[in-house]
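Each value in this text was obtained by applying a stated rule to the coordinates, not by laboratory testing. Every value quoted in this text rests on a predicted model; they were computed, and no experiment measured them. Because the Cβ atoms are built from the backbone with ideal geometry, glycine has one as well, and the counts that use them run over all protein chains shown.
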Amino acid sequence: MGVYNQNLVFNIIEEYVDLTAYRLRGGYVALKNALEQQPEHSIKELKASGLRGRGGAAFPTASKIEMVRKNEETDRYIICNADEGEPGTFKDRFIMTHVPFQVIEGITIAAYLAGAEHGYIYVRHEYPEVQEILRESIKKAEDAGLLGENILGSGFRLKLEIFSGAGSYLCGEETALLSSIEGRKGRPRVKPPYPTQSGLWNKPTLINNVETLANIPKIIEKGAEWYRSIGTVDSTGTKLISLSGDVVNRGLIEVPFGITFVDDTRSILPNVHNRVKFFLHESCGKCTPCREGLRQANVILNKLLSGAAVEGDMALLERYTRAIQEASFCGLGQAAGNSLKSSLEYFHEEYLAACKQESHGEEETA
Amino acid sequence: MGTAEIKFIIKQLGEKKAPLLQVLLAIQDATPGKYLSEEAVNEIARILEVSRCRVYSTASFYSEISLKPRGLHLIRVCTNSPCENAGKEEIHNAIEQELGITIGQTTPDGIFTLESVNCLGACFMSPAIKVDDTLYGNLTPESVVSVLNSFRKEQSYGCI
Ligand SMILES: Cc1cc2nc3c(=O)[nH]c(=O)nc-3n(C[C@H](O)[C@H](O)[C@H](O)COP(=O)(O)O)c2cc1C
Ligand code: SF4
Ligand code: FES
């Protein structure tokens, strides 16, 4: 990165962009513009931009906002999902510590468009320094009339609060997140109803990822046409990529969609095993395929890595994988199944070799 | 942690309407040993007017919440692949050897508790650990021991 690039959304260069510096970069122009228009106007612009969610499902953001806006219930919530817990990912951390006001402006605009007056940023508990920066930034935005009551004299108000997670990866799943705020175990709920219809305290709720929301100010400020000129036809804009493997190139990069990066993968089986243990640890145990399937997958991987596996184990692992993938209740189990499946496909030879090996050097990690 | 203190914390978080999870975290934070005692659970249930069972069920779901006392300093070792590939095992061993405890245990002098944690979002400086609220990255078996020593030193000047 280095210098300010007009064709990027984040431009994460400085350690921390304070409110003054953010406004010099064009910050809060978008909020002012948005508040001077009817919400429909900006929703149309967002739709034209092609912005899709960055939290995993790539759902069109404008459609989600519209669903909340059109709900008859006018008591609505907005939630910024900052539970970032995917191993190897730190993009949301970087956004929040470097350009916190871009996140807050994005939330404020989205709240105005959705008609929500109360919002939370759900931040994982492992990010206390991020929570601190956000708390201070919320205070500064309030003092500057950019948040709170009567924002920029428009009559619109938004009360924004930090809500801390408590060490559950699953709470990043939107319905589990809702249960968590409501004071219960962070277990997923049946969808539908979707949070846009019945979310927090059964009220219509807009839930978006940090990166998604932080894209909004730039789109409103510079226009959908500008945004569409970056990336590909189907995936517009830029993407933040966390690089963690190769020591020389570690860090966060921002690239237009369409550019792919391959992070360092070494011997695949220990990494697959590590991921299975991660998912097993984070499984809430509500459904059998995820809970038991992952437990069995862990046993087989242990055998594979200790040289105790026999050929039938591969077929068994494939069977469990299919069950985990197809019968899990929520995205956690499905993601675990998908990642096992792709490892079995792409690294078939390595699995086969491990089945035949007498003994393997890899040590067991509990 | 006395009843008055618990009442005060809950009052600041919104009294009867205070969000349970935030109450649990705040009271854990303010309790010596960074945990939720049985008395605290009872008191929280009473003030928020929810069942004790509900408080326990929520508290035990989350790995950042502990129902047993922890040491003065909480060491958390990240266990995910990026850290593992960058030498997590070596620094984990160095910590265990230096302190004579394994994951989930507290040193006999009550200074350190060792826990594991999911990716700290610090993989740009793997292998990483956290001690209390501070991140340490790019660790080696030697540097992690000096990190631990810095907390010990702080302890001997402290006033417990
Ligand atoms: C197990 C699991 C964990 C998730 N964790 C996160 C997360 O940390 N942050 C996030 O934004 N979305 C996460 N999601 C996706 C959310 O459920 C939801 O789709 C997303 O917050 C919607 O925001 P978006 O439309 O801006 O992408 C997770 C999903 C699953 C199944
Ligand atoms: S798939 Fe796993 S995490 Fe999701 S509900 Fe089932 S057991 Fe819980
Ligand atoms: S994997 Fe250890 S900090 Fe991300």
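Across the range B:95-160, Cα pairs under 8 Å and at least six residues apart give a relative contact order of 20 percent.
Take the alpha carbon gyration tensor of the range A:151-271, find the square roots of its eigenvalues, order them as a ≥ b ≥ c, and report rounded if a/c is under 1.5; if not, report prolate when a/b exceeds b/c, else oblate. Oblate is the answer for the range A:151-271, as a/c is 1.5 or above yet b/c matches or exceeds a/b.
Pick out, in residue order, every one of the GluC sites (Glu not before Pro) in the range B:1-105 that is DSSP loop and has at most 11 other C-beta atoms within 10 Å; say none if there are none.
Loop-located and lightly packed - B:Glu49.
Counting, for every residue in A:123-130, the Cβ atoms of other protein chains within 10 Å of its Cβ and taking the mean gives 5. Mean per-residue shielding of peptide B:112-122 is 5, counting Cβ atoms of other chains within 10 Å of each Cβ.
Cross-link list A:Lys191/A:Lys286; A:Lys286/B:Lys16; B:Lys16/B:Lys68: which exceed 23 angstrom alpha carbon to alpha carbon?
Exceeds cut-off: A:Lys286/B:Lys16; B:Lys16/B:Lys68.
Classify the range B:3-61: rounded, prolate or oblate, from the alpha-carbon gyration tensor (a ≥ b ≥ c, eigenvalue square roots; a/c under 1.5 rounded; otherwise prolate if a/b is larger than b/c)? Verdict is rounded for the range B:3-61.
Split chain A at each of the chymotrypsin sites (Phe, Trp or Tyr not before Pro) in a DSSP loop with at most 15 other beta carbon atoms within 10 Å, and the longest piece is A:17-260. Once Rg and the Kirkwood radius are both taken over the C-alpha atoms of the range A:141-203, their ratio Rg/Rh works out to 1.12.
The label-point distance for A:Asn7 and A:Asp75, in a model that sets each label 7 Å from Cα toward Cβ, rounds to 4.9 nm. Please compare each pair in A:Lys70/A:Lys218; B:Lys88/B:Lys130; A:Lys32/A:Lys70; A:Lys44/A:Lys222 to a cut-off of 19 Å on the Cα-Cα distance and tell me which ones are over it. Checking Cα-Cα distances, A:Lys70/A:Lys218; A:Lys32/A:Lys70 exceed 19 Å. What whole number of Å gives the distance from the Cα centroid of the range A:260-330 to the Cα centroid of the range B:1-72? The distance from the Cα centre of the range B:1-72 to that of the range A:260-330 comes to 36 Å. Of the residues A:Pro217, A:Pro128, A:His281, the one whose Cα sits farthest towards the positive end of the charge dipole of chain A is A:Pro217 (charges of +1 on Lys and Arg Cβ, -1 on Asp and Glu Cβ, taken about the Cα centre). Among the helices of chain A, those built from whole DSSP H runs whose Cα atoms reach 18 Å or more along their own axis and whose mean Kyte-Doolittle hydropathy is at least 0.0 are A:100-114, A:210-222.
Within 10 Å of the Cβ of each residue in A:166-173, the mean number of Cβ atoms contributed by other protein chains is 4. For the range B:73-156, just say rounded, prolate or oblate: build the C-alpha gyration tensor, square-root its eigenvalues into a ≥ b ≥ c, call rounded for a/c under 1.5, and beyond that prolate if a/b exceeds b/c, oblate if not. Prolate is the answer for the range B:73-156, as a/c is 1.5 or above and a/b outweighs b/c. Pick from A:Arg52, A:Arg23, A:Arg69: which is most flexible by mean-square fluctuation in a GNM of chain A where alpha carbon atoms under 10 Å apart are linked? Result: A:Arg23 has the largest fluctuation of those listed. In a DSSP loop and with at most 13 other Cβ atoms within 10 Å, the GluC sites (Glu not before Pro) in the range A:31-73 are A:Glu36, A:Glu72, A:Glu73. Since only A:Leu51, A:Ile181, A:Asn150 are under comparison, the one whose Cα sits farthest along the positive direction of the charge dipole of chain A, derived from C-beta charges on Lys, Arg, Asp and Glu, is A:Asn150. Restricting the GluC sites (Glu not before Pro) of the range A:148-253 to loop positions (DSSP other than H, G, I, E, B) with no more than 12 neighbouring Cβ atoms within 10 Å leaves A:Glu149.
Summed over qualifying helices (DSSP H, 4 residues or more, each -39500 (n - 2.57)) and divided by its residue number, chain A shows a 222 nm mean residue ellipticity of -14500 deg cm²/dmol. Roughly what % of DSSP beta bridges within the protein assembly as shown run antiparallel, to the nearest 5? So the antiparallel bridges in the protein assembly as shown amount to around 40 percent. P(r) of chain A in 20 Å steps, Cα pairs, percent per bin? Reading upward from the zero bin: 28, 53, 18, 1.
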